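S.K.: Submitted below is the structure of interest, expressed as structure tokens.
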Amino acid sequence: MAQRLIQTQTMDTFREVLSVNEELHEKNIQKAVADTRAKVLEEQTGLQQREKEAYQMELNQRLSQINALESHMKQMRDSHDEMLQATVDQAESQVRQIQHAFQQQQDERLAILEQLRAQAAAMRAALQAQNTRTQDEARRERMMMAVLNLSNSLLRAGDPLVTGAPLTTSTTFQQEMSALLEVALDDPFVAATLAQIPSDLPTRGVMSVPQLVLSFQEALKEGRRAALVPEGGGVVGTLFASAVSRGVIPKQGLIEGSDPESVFARAEFYVQRGMLHAAAAELHSISGAPRQAMEPWLGAVRDRLLLVQLLDMLQTHAKEVSQ
């Protein structure tokens, strides 16, 4: 019993010791585990710090490499930009030179073309002026010939006493008038001048100066006879005036007076000297039967004076145009 009790106590003690040992062992284990964990954590923290430092170092190296690469790339980019800008500038300069050369060549071609145009225009103007001068000269020659032909046929008519032409025969000028009318188509002045000529005058014709001088005597006899007819004398008065006129001595010269005989004397004075205009002016101052008796002669004088005046105008115009 005692032995069993001892054994039991021993076992209990052993169990207690074992339990204490187990507790101590468990505590040691826990401590060891805690120490190990702390050590591992410390090592892990140190490792992380070292890794962090290594990573930061590597990162700094990489950043330094990146910065160096960026700097190198920037230098290359700047160099490339400079080369590109230089190339662009050179290209633009070449383009400007080409454009300038092209513009200069184009300007030179345009200048040559303008010169050719100016020369062609000058030649065309000269040719046109030459044609115009030729046409004007031909027209002036036609006008001069027409005026001269009319002058020769009218103003230089022969003396009826020499040529044998009747005193009352007038010189017609239809052909000469037709030639002048052709000239008038190109000359307004000639057309306006010819328009003043009565349309029937070329057919009726005009008398020459010798014809008018000689016919004046016949007209003067009729005028003096009419001046002697009493007013309302009728046929008897006319016969009486015809008989009386044979015995009346006519006045002569530039005498004064407004009576018909004095006017006739001054008109005769002018006619004998070819001054038809002055003679007509004197005869226009009388009236009545004496004026009526002189009217046919005055009409012939007016026709001639009108034609002479118009011919003078045409001749003057022809000379001015030919200058």
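S.K.: Cross-link partners among aspartates and glutamates for K319, C-alpha distance below 15 Å, same-chain residues fewer than 8 apart left out?
M.R.: List returned: D136, E137, E141, D187.
S.K.: Can you give me the distance in nm between label points at E137 and A278, each placed 7 Å from the Cα along the Cα-to-Cβ direction?
M.R.: My value for the distance between the label points is 4.5 nm.
S.K.: A further question on this structure: Mind listing the long-range amide H neighbours of T171? Cut-off is under 5 Å, sequence gap 5 or more, other chains count too, H placed in the peptide plane at 1.01 Å from N.
M.R.: Sorted by chain and number, the residues that satisfy this are V206, M207, S208.
S.K.: How many nm is it between the label spots at A34 and M145, if each spot is 7 Å from the Cα in line with the beta carbon?
M.R.: It is 15.6 nm.
S.K.: Could you pull out every one of the lysines with an alpha carbon less than 28 Å from that of K221, ignoring same-chain neighbours closer than 8 positions?
M.R.: Here the lysines satisfying the reach criterion relative to K221 are K251.
S.K.: Shifting gears a bit: If a/c stays under 1.5 just call it rounded; otherwise compare a/b with b/c (prolate if a/b is bigger, oblate if not). Do that for segment 44-84, with a ≥ b ≥ c from the square roots of the Cα gyration tensor eigenvalues.
M.R.: prolate
S.K.: Using the beta-carbon distance between L181 and Q252 and R0 = 56 Å, what value does 1/(1 + (r/R0)^6) give for FRET efficiency, to the nearest 0.05?
M.R.: 0.80
S.K.: How far is it, in nm, from the label point at E114 to the one at S19 when both lie 7 Å from their Cα along the line to the Cβ?
M.R.: 13.1
S.K.: By the gyration tensor of its Cα atoms, with a ≥ b ≥ c the square roots of the eigenvalues, what is the shape of segment 255-300: rounded for a/c under 1.5, prolate for a/b over b/c, or oblate?
M.R.: Judged from the Cα gyration tensor, segment 255-300 comes out oblate (a/c at least 1.5, b/c at or above a/b).
S.K.: For segment 106-112, take each phi angle, set θ = phi - 60°, evaluate the Karplus expression 6.51 cos²θ - 1.76 cosθ + 1.60, and give the result in whole Hz per residue in order, putting x for glycine and proline.
M.R.: Using θ = phi - 60°, the values come out as 5, 4, 5, 5, 5, 5, 5 Hz.
S.K.: Could you name the lysines in cross-link range of K39, using Cα to Cα under 25 Å and dropping any fewer than eight places away on the same chain?
M.R.: K27, K31, K52
S.K.: Expected output is a single nm value to one decimal: the length gained when fully extending between N60 and Q97, i.e. 0.36 nm times separation in residues minus the C-alpha distance. What is it?
M.R.: Numbers: separation 37, 0.36 × 37 = 13.32 nm, distance 5.32 nm.
Roughly 8.0 nm would be gained on extension.
S.K.: While we're on this one: Using a Förster radius of 45 Å, what is the FRET efficiency between D78 and E53 based on their Cβ-Cβ separation? Nearest 0.05, please.
M.R.: Numbers: r = 36 Å, r/R0 = 0.80.
With R0 = 45 Å, the Cβ-Cβ based efficiency is 0.80.
Every number in this text was worked out from the coordinates using simple rules, so none of it is lab data. Please read all numbers here as calculations on a predicted model, not as lab measurements. Cβ coordinates were reconstructed from backbone atoms using ideal geometry, including for glycine residues, and neighbour counts include every protein chain displayed.
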